[in-house]
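What follows is a single structure, written as structure tokens, with notes after it.
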Amino acid sequence: MKMIRQFKPEDIEQVLDIWLKASVQAHNFVAAEFWESQVSNMREIYIPASKNYVFESDGNVIGFYSLHENLLAAIFIFPEHQGQGIGKRLISHAKEQCSQLTLNVYKANEATYQFYLSQGFKVDNEHVCEHTSCVEYAMSMNTQQRI
């Protein structure tokens with residue numbers, strides 16, 4: 001069975017594993033050591049400060065997203081499960097949670113940037129990430145249906 005549900009504390013190890021593997025793969029322009037150095041911050045700061053949802057398939061968590069107010073702070077899927085529509089399902093679920101969504105995506109992460117454009121996000125501005133010194137796009141979407 002496949003479903004999106006609220007994060008539970010016992011999901012933390014799977015979520016951190018997804019986050020690290022997918023981050024290293026998607027952001028190969030940043031040293032893997034940087035992402036490895038951020039695992040404890042994800043565990044102790046970012047995940048607890050966010051509203052988190054997981055994508056579960058046959059009892060295994062294979063993707064998740066995190067909202068911090070209207071910021072889509074994270075959306076990650078195990079690399080071997082990408083390209084199967086899970087990201088679209090997670091984005092659709094996130095749209096139901098907020099009337100406006102914002103996010104940041106690295107300019108060098110072209111595939112993910114194109115994915116966000118295809119989901120209705122638009123670029124608001126470009127800036128340099130304070131943690132990695134890489135250029136990011138700030139993107140947003142009004143999730144309210146216009147009549």
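The values are calculated or read from the model by the stated rules, or taken from the named source; none is laboratory data. Being a predicted model, the structure only gives us computed values, none of them experimental. Cβ sites come from the backbone with ideal geometry, for glycine too, and all protein chains shown count toward neighbours.
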(request) Return the residue satisfying two criteria in turn: it lies in segment 83-103 and is without any contact (Cβ under 8 Å) to a residue 40 or more places away in the chain, surrounded by 14 or more Cβ atoms within 10 Å (Cβ to Cβ) and outside any helix (DSSP H, G or I), and of such residues it is farthest from the chain's Cα centre (by Cα). (result) Gln84
(request) Among what's in segment 104-118 and is assigned to a helix (DSSP H, G or I) and small (Gly, Ala, Ser), pick the residue that is modelled with the highest pLDDT. (result) Ser118
(request) Could you please find all residues in segment 26-49 being modelled with pLDDT of 95 or more, within 26 Å of Lys107 (Cβ to Cβ) and of a type in the set (S, T, N, Q)? (result) Ser37, Gln38, Asn41
(request) Scan segment 131-147 for residues that are loosely packed, with under 13 Cβ neighbours inside 10 Å and at pLDDT 95 or above and jot them down. (result) Ser133, Val135
